[in-house]
Amino acid sequence: MKNIRMIFLFFLLLTISNEMLYSQETAINYKTDDTPPVLINIYHNRVLDDLVIIKMSGLDQDSQLSPLEVKRRLETTGLFSQVVVNKRNNIVDIIVDEKSNWMIIPYLYSDGNSTVYGVAGGMLAALGQNNRILGRYQFGKDNREAALLLRDEYFRNTFWALGIGYDYEDSFHKIYYDRKTFEKRHKSYQGLCPKVGYHLDPYFYVEANGCWEKHKFENYEKVSLEGTQVSNKISGIWSNFYLREGLARGKSLRVYYETSNSYSDFHFYKMGAFSEVSLFLKNDLNWILRSNAEMGSSLAFYQLFESSAAKLRGFNEQQFRDKYYISIQNDFFLSSLHLWKIIVRPLLFLDGAYFQKGLRLGVGPGFHIYFKTIAMPALQFWAAYGINPNGLTISLSLGLNFK
């Protein structure tokens with residue numbers, strides 16, 4: 001009995017010391033030209049550094065952000081299962097519960113004509129910073145792909161973002177003539193893309209990257225070509241789009257321009273714009289509108305814009321391919337089902353796109369599965385009927401982070 005009491009006391013002390021260790025308060029004075037100093041206290045963070053959470057909150061760039069704004073910004077990162085923000089006078093208290101920051105997930109994607117299997121894994125908030133170390137490998141009939149991404153959103157607790165990505169592919173891309181009839185063209189490449197960005201304020205971010213890629217591919221006429229692509233890309237993002245387990249509010253806009261340079265064997269330019277808007281939100285009812293538009297000039301076969309679930313549901317992957325397109329996607333989330341540590345959100349969707357000189361439509365039901373305690377993308381399922389050409393496509397995939 002004495003031993004039992006000693007063991008109980010040991011675990012009680014261990015629990016208390018753990019709470020004391022991981023529930024420390026950090027007070028940081030931040031002073032701006034037009035406001036008095038603001039004291040920010042961070043509680044219960046076990047993995048992320050205090051300064052990183054303050055960076056993500058936006059308070060170091062605008063100390064007058066409302067508690068609700070700070071709460072939404074932190075929830076949108078996907079790193080926290082719960083966020084509480086209290087403000088009194090010039091003191092801000094932020095209390096967080098962090099999600100598990102690592103994952104290893106087998107996944108598949110299937111659209112009727114092809115199925116790929118893969119494994120994705122990585123870690124968010126490694127070494128206490130707001131960074132990502134993500135990788136994936138997938139395979140299937142005529143498909144081999146791999147990717148690795150390293151990114152630090154606030155390098156050394158500054159407003160600079162640094163990252164680098166590596167991609168590999170050896171697969172056959174399809175040229176469709178209808179729903180089932182297609183030809184294949186081989187494509188293989190590997191590439192390296194370093195990136196640097198800067199957070200100008202809590203809502204606006206700019207980024208520049210340079211890419212080196214080695215390509216070998218067949219064109220429409222089955223002629224094999226190969227060469228090196230060297231390009232530069234600049235992007236700008238403005239966003240107050242806040243997302244938590246599928247439900248969204250606010251809006252965002254991202255634009256980019258990419259062009260080859262004199263060292264490239266392929267010369268081209270691309271530009272595009274992407275937006276997200278939450279048009280209606282009440283409880284679990286949410287209408288989210290997403291739009292995409294891209295165009296380019298002097299694009300080789302492998303550079304053409306291909307249709308995918310991120311642009312148009314209801315069709316096979318690579319069903320359409322063009323040097324320009326416009327797409328609009330509507331998601332209507334209807335309710336939610338809470339099961340243990342997951343949330344299931346059923347939805348209806350309506351997509352429209354202009355691809356290959358034709359209007360294409362996709363409509364149907366689906367659902368997303370979100371994990372309350374793990375920082376990972378949603379699992380997504382769609383049963384979509386596509387119009388022009390007509391047909392049903394059923395898709396199951398991990399979130400678009402890995403597509």
Scanning the stretch 307-324 residue by residue, those touching a helix residue (DSSP H, G or I) at 6+ places or on another chain (Cβ under 9 Å), part of a loop (DSSP other than H, G, I, E, B) and at pLDDT 90 or above turn out to be 323
Condition check: touching a helix residue (DSSP H, G or I) at 6+ places or on another chain (Cβ under 9 Å), outside the structural domain of residue 79 (by TED's automatic domain parsing) and among the aliphatic types (A, V, I, L, M). Does residue 147 satisfy that?
yes
Of the residues in the stretch 117-141, those that are of a type in the set (D, E, K, R) and modelled with pLDDT under 85 number 2
Here is a check on your reading of the model: is residue 333 surrounded by fewer than 18 Cβ atoms within 10 Å (Cβ to Cβ) and within 22 Å of residue 361 (Cβ to Cβ)?
no
Matching entry among 328, 394, 387, 374 (being touching a residue at least 60 places away in the same chain (Cβ under 8 Å), farther than 21 Å from residue 176 by Cβ and among the hydrophobic types (A, V, I, L, M, F, W, C))
374
Residue 357 of a type outside the set (A, V, I, L, M, F, W, C), modelled with pLDDT under 95 and touching a Lys or Arg at 6+ places or on another chain (Cβ under 8 Å):
no
Can you name the residue in the stretch 101-116 that is surrounded by fewer than 15 Cβ atoms within 10 Å (Cβ to Cβ) and under 25 Å from residue 178 (Cα atoms) and, of all such residues, is modelled with the lowest pLDDT?
108
Going through the stretch 282-318 one residue at a time, which ones are touching a residue at least 12 places away in the same chain (Cβ under 8 Å), more than 26 Å from residue 190 (Cβ to Cβ) and over 21 Å from the mean Cα position of the chain (by Cα)?
284, 285, 295, 314, 315
Being of a type outside the set (A, V, I, L, M, F, W, C) and modelled with pLDDT of 90 or more is the filter here, so list the residues in the stretch 360-390 that pass it.
360, 362, 364, 365, 366, 368, 385, 386, 388, 389, 390
Which one of these is closer than 18 Å to residue 157 by Cβ, within 25 Å of the chain's Cα centre (by Cα) and part of a strand (DSSP E or B): 47, 83, 52, 96?
96
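Residues checked against (1) among the small types (Gly, Ala, Ser); (2) closer than 22 Å to residue 349 by Cβ:
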{"site": "243", "(1), (2)": "no, yes"}
{"site": "250", "(1), (2)": "yes, yes"}
{"site": "253", "(1), (2)": "no, yes"}
{"site": "257", "(1), (2)": "no, no"}
{"site": "270", "(1), (2)": "no, no"}
{"site": "276", "(1), (2)": "no, yes"}
{"site": "279", "(1), (2)": "no, yes"}
Among (1) assigned to a strand (DSSP E or B); (2) at pLDDT below 95, the one test that residue 327 misses
(2)
Cβ-Cβ under 8 Å pairs, at least 6 apart or on other chains, the stretch 336-350 side within 15 Å of residue 81 (Cβ to Cβ), far side outside any strand (DSSP E or B):
341/372; 341/373; 342/372; 343/245; 343/246; 343/336; 343/372
Any idea which residue in the stretch 227-250 is nearest to residue 367 (Cα to Cα), counting only those that are of a type in the set (D, E, K, R) and modelled with pLDDT under 95?
245
Of everything in the stretch 121-131, what is within 21 Å of residue 200 (Cα to Cα) and touching a residue at least 24 places away in the same chain (Cβ under 8 Å)? Give them in sequence order.
129, 130
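The values are calculated or read from the model by the stated rules, or taken from the named source; none is laboratory data. Treat the numbers as computed from the prediction; the structure is a model and nothing was measured. We place every Cβ from the backbone using ideal geometry, glycine too, and count neighbours over all the protein chains shown.
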